[in-house]
Amino acid sequence: MSHLKQPLVLSAQCNNVASPLFATTAAAAARSQHRQQGSSASRRLRSHRISCAPADEAAGGGVSTSVTPKEWPLTVTAIVTAQAPNSVYVSRGFDDIQDLFGKTLLLELVSSELDPRTGRERETVKGFAHMTPTDGTYEAKMTVPASFGPVGAVLMENEHHREMFIKDMKLITGGDESTATTFDVSSWVHSKFDDPEPRVFFTLRSYLPSETPPGIEALRKKELATLRGDGQGERKFHERVYDYDTYNDLGDPDRNIDHKRPVLGSKEYPYPRRCRTGRPMTRLDPATEKRSSQVYVPRDEQFSDVKGRTFSATTLRSGLHAILPALAPLLNNSQSFSHFPAIDALYSDGIPLPVDGAASLNVIKDVIPRVVQMIGDTTEHVLRFEVPHMLERDRFSWFTDEEFARQTLAGLNPICIRLLTEFPIVSKLDPAVYGPPESALTREVLEKMMNGVMTVDGALESKRLFMLDYHDVFLPYVHKVRELPERTLYGSRTVFFLTDEGTLMPLAIELARPQSPTKPQWKRAFTSGNDATESWLWKLAKAHVLTHDTGYHQLVSHWLRTHACVEPYIIATNRQLSRMHPVYRLLHPHFRYTMEINALAREALINADGIIEDAFWPGKYSIELSSVVYGATWQFNTEALPEDLVSRGLAMRREDGDELVLTIKDYPYANDGLLIWNSIKQWGYDYVNVYYRSDEDVIGDEELQAWWEEVRTKGHADKKDEPWWPVCDSKDNLVQILSVIMWVTSGHHAAVNFGQYHYAGYFPNRPTVVRKNIPVEENQDDEMKKFMAKPEEVLLQSLPSQMQAIKVMATLDILS
């Protein structure tokens, strides 16, 4: 494994006998594990190498003479692999000339050992790397004193005027490839003209802080200080500074006062912290940070060249802004689809694109090339979306109660259903504000739909009733959302019954509107009745529930829990854990690209008047709503899959406390997720045991303790005093902490992200907005007559408009 690789060890020859001039791998390992034993071993090794006497003299025969060994300098070749420049810039010519003179990268080898004469760091060995005939490869040859010791780090200064992406670096001794030590760089190295401070790269070997070789202890601390920054000024593109700030950059009041948004990350609106950019504040609102065309993220958090080609910042930043005006002439922003075949045509016939609109066509082809297709041998093009997989199997599956229930367990948002444990169902909201707390889902309603199979009490006792509950969380926003154009909202509850076959069946849906100064509270239970009217009302009620679930999925299950809540882990990891720290190397792959995606989301998706606000039902309250949920429900400990399942009543622990028993046996998210969780935790357990011998080692790891303290008190500062935070005081607790972070960024994120187009690409299955109240709410004659005459038309008019639907489908196509 790369994290166990040993430092570069060089040796010279004395009388044809290889003499280790640096600490050997065995000694280095012993020193890192047992400091005292390592020191004595190191002394023994040094005593061997200072003598070059013949063997018989050394054994005691003849006169022993002390000989001062002669140092034989060693040649070390550094081979650096860089990404070839892919653009032309003003100073490119100067850089090419610099390459010709062999002065592209200035390298400095840093010894792991201190100079025994001074007790200070040894003098570094410098050399320029020059371009080789192999494109993107640079080479340097350096003469190193034999007593230099193991190379613990390499300093690199980029002599170009433009940054360079360095893939890796190898150090080879005396031309022997078997001695090669690889530095996995994978990093942008800034130009010295942007910052004269060189970059530092450590070997692949991991060290706890207390075991850091003395020659690079100061470098380890200095690098962390650089990454923390000083919290001052606006961050520059090339920098790698990680710091915290509140979500105060979603609004843009200077452009439009209606785009002012509350600051998230306060007592009123608790929220995780994001990366600080240091931009100045707006003129009209000193609490809001100015927006910019590109949001700062530390340089190495930005997309690599490969990732950038498939999911580029440009695509989201300019593409989504450009595609909507290009599509506008083809669609009516408020017009609904006239019939379901018109929706199906998006995947078969497509939307004809204007032949004379070359600019618009190019924009659309650049942004969503998969959906722009040429008609036969003509020059005409159509906008035709790929058929989602779920629709390929059965065009009408989304319409059935069975699929509605199945997706609650195995669809895009399988993490919200809960076991119903108390009856009657009662709201916890203030009845003086919202009206009577009793639910419309009464005993009579549920038992009627169970067809006498069992009573509510019997179903509760046998754990057969489950609920999707969006009542209390959404009810306070009902009147606010209804003030927005072409949007409506209810609080909702959906109760399911676990059948003898082990599948879920929806029993009833409750839609509720809170009381207001002018109207009383309204609520009603809907069931799948036998007559056509009840059947269509049931379909409308399901559409509302699906809309609630879609909004909650995107804002909470996906954005909040796997993106916003993860960013503090990334910031703290880079600020407090050295690149040499084993925990940093364990977590780093799980964090890749998250900060860049989050920045792009703040720029084009969750910002004021962005994609989410425009196309999803909460509108301008979208991210505010995620703050309310964060404050009310988010806990680090229940982000662990087993604890999440137990807290929702979907699993119980056996008496031994370890093994889980699922309440619903056929629950794919849990069935598959627990396999992944167990593998992650076993990997974390094995990994931690390599580096920590005891709980005391965990407690004594100063970097680790600073990291976990910062996650809690800075990254999630609004929840820092909650009692459920685990204490990082043992190996077991550390394994659990790391497992939670790795699970959320892998299994959890995969479950709520990668199926987006599969399930939501056909928008009636996952509508992002419902635009009309259910007709029976007011019982107005004209609305009821229209519904009774053409219920399908009422459903279509309630679903997203053409523009809203196309916008969401295009976004999902890009994200997927």
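The values are calculated or read from the model by the stated rules, or taken from the named source; none is laboratory data. Just so we're clear, the structure is a prediction, and the values are computed from it rather than from any experiment. For neighbour counting, all protein chains shown are included, and Cβ atoms are generated from backbone atoms with ideal geometry for every residue, glycine included. For the accessible areas, the whole protein counts, side chains as well, though only heavy atoms, and no ligand, DNA or RNA atoms are used. Shrake-Rupley method; radii C 1.70, N 1.55, O 1.52, S 1.80 Å.
Here Asp695, Asp686 are screened, and the one residue that is open to solvent by 40 Å² or more (accessible area, probe 1.4 Å), acidic (Asp, Glu) and in contact with a Ser or Thr (Cβ under 9 Å, 6 or more places away or on another chain) is Asp695. Per the listing Ala225, Ala218, the residue uniquely in contact (Cβ under 8 Å) with a residue 60 or more places away in the chain, open to solvent by 40 Å² or more (accessible area, probe 1.4 Å) and aliphatic (A, V, I, L, M) is Ala218. Residues in segment 281-294 that are within 17 Å of Glu239 (Cβ to Cβ) and open to solvent by 50 Å² or more (accessible area, probe 1.4 Å): Gln294 only. The set of residues in segment 239-276 being surrounded by fewer than 16 Cβ atoms within 10 Å (Cβ to Cβ) and not acidic (Asp, Glu) consists of Arg255, Asn256, Ile257, Lys267.
I'd like to verify a number: residues in segment 779-816 that are open to solvent by less than 20 Å² (accessible area, probe 1.4 Å) and modelled with pLDDT of 90 or more, how many? Residues in segment 779-816 being open to solvent by less than 20 Å² (accessible area, probe 1.4 Å) and modelled with pLDDT of 90 or more: 7 in total.
Among the residues here, Asp401 does not qualify as under 38 Å from the mean Cα position of the chain (by Cα) and either open to solvent by 60 Å² or more (accessible area, probe 1.4 Å) or hydrophobic (A, V, I, L, M, F, W, C) (or both). Scanning segment 550-558 finds no residues that are over 29 Å from Asp258 (Cβ atoms), crowded, with 23+ Cβ neighbours inside 10 Å and more than 13 Å from the chain's Cα centre (by Cα). Pairing residues of segment 582-593 that are more than 18 Å from Arg274 (Cα to Cα) and touching a residue at least 60 places away in the same chain (Cβ under 8 Å) with residues that are aromatic (Phe, Trp, Tyr) and open to solvent by 10 Å² or more (accessible area, probe 1.4 Å), at Cβ distances under 7 Å and at least 6 apart in sequence or on separate chains, gives Pro582/Tyr691; Leu586/Tyr687. As a summary of the residue check, Lys523 satisfies the conditions (1) open to solvent by less than 10 Å² (accessible area, probe 1.4 Å); (2) of a type in the set (D, E, K, R); (3) out of contact with any Ser or Thr (no Cβ under 7 Å at 6 or more places or on another chain) except for the one numbered (1). Looking at Asn671, is it open to solvent by less than 30 Å² (accessible area, probe 1.4 Å) and in a helix (DSSP H, G or I)? No; evaluated as a whole, the condition is false for this residue.
Looking at Val740, Val711, just one residue is among the β-branched types (Val, Ile, Thr), surrounded by 18 or more Cβ atoms within 10 Å (Cβ to Cβ), under 23 Å from Pro414 (Cα atoms) and within 18 Å of the chain's Cα centre (by Cα), and that residue is Val740. Of all residues in segment 125-162, those satisfying the criterion of being β-branched (Val, Ile, Thr) and surrounded by fewer than 17 Cβ atoms within 10 Å (Cβ to Cβ) are Thr132, Thr134, Thr137, Thr143. Scanning segment 751-781 for residues that are of a type in the set (S, T, N, Q) and in a helix (DSSP H, G or I), which turns out farthest from Phe385 (Cα to Cα)? Of everything passing the filter in segment 751-781, Asn753 is farthest from Phe385 (Cα to Cα).
Mind checking whether some residue in segment 431-451 is crowded, with 20+ Cβ neighbours inside 10 Å and more than 28 Å from Leu645 (Cβ to Cβ)? Yes, the conditions are met somewhere in segment 431-451.
Considering every residue within segment 769-778, establish whether at least one is under 22 Å from Val545 (Cβ atoms), open to solvent by 40 Å² or more (accessible area, probe 1.4 Å) and without any contact (Cβ under 8 Å) to a residue 12 or more places away in the chain. Yes; the residues of segment 769-778 include at least one that is under 22 Å from Val545 (Cβ atoms), open to solvent by 40 Å² or more (accessible area, probe 1.4 Å) and without any contact (Cβ under 8 Å) to a residue 12 or more places away in the chain. Just for segment 638-653: of the residues that are assigned to a helix (DSSP H, G or I), open to solvent by less than 20 Å² (accessible area, probe 1.4 Å) and charged (D, E, K, R), which one is nearest to Lys720 (Cα to Cα)? Going through the qualifying residues, I end up with Glu639. For segment 743-775, filtering for residues that are among the aliphatic types (A, V, I, L, M) and touching a Pro at 6+ places or on another chain (Cβ under 9 Å) leaves 5. Can you tell me which residue is farthest from Gln797 (Cα to Cα) among those in segment 487-519 that are in a strand (DSSP E or B) and of a type in the set (D, E, K, R)? Here the residue is Arg493.
Given the conditions (1) more than 26 Å from Gly231 (Cβ to Cβ); (2) in a helix (DSSP H, G or I); (3) open to solvent by 30 Å² or more (accessible area, probe 1.4 Å), and given that Asp656 satisfies all but one, which numbered condition is not satisfied? Unmet condition: (2). Look at segment 395-410: where a residue is within 16 Å of His553 (Cα to Cα) and a partner is part of a helix (DSSP H, G or I) and open to solvent by less than 50 Å² (accessible area, probe 1.4 Å), sitting 6+ places away or on another chain with Cβ atoms under 6 Å, you get Phe404/Lys542; Ala410/Pro668.
Can you find a residue that is of a type in the set (A, V, I, L, M), touching an Asp or Glu at 6+ places or on another chain (Cβ under 9 Å) and within 19 Å of Leu540 (Cα to Cα) anywhere in segment 722-740? There is no residue in segment 722-740 that is of a type in the set (A, V, I, L, M), touching an Asp or Glu at 6+ places or on another chain (Cβ under 9 Å) and within 19 Å of Leu540 (Cα to Cα).
Table: residues versus (1) modelled with pLDDT under 95; (2) surrounded by fewer than 23 Cβ atoms within 10 Å (Cβ to Cβ); (3) over 17 Å from the mean Cα position of the chain (by Cα); (4) of a type outside the set (Phe, Trp, Tyr).
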position: Ile597; (1), (2), (3), (4): yes, yes, no, yes
position: Glu603; (1), (2), (3), (4): yes, yes, no, yes
position: Gly610; (1), (2), (3), (4): yes, yes, yes, yes
position: Asp614; (1), (2), (3), (4): yes, yes, yes, yes
position: Trp617; (1), (2), (3), (4): no, no, yes, no
position: Ser622; (1), (2), (3), (4): no, no, yes, yes
position: Ser626; (1), (2), (3), (4): no, no, no, yes
position: Ala632; (1), (2), (3), (4): no, yes, yes, yes
position: Phe636; (1), (2), (3), (4): no, yes, no, no
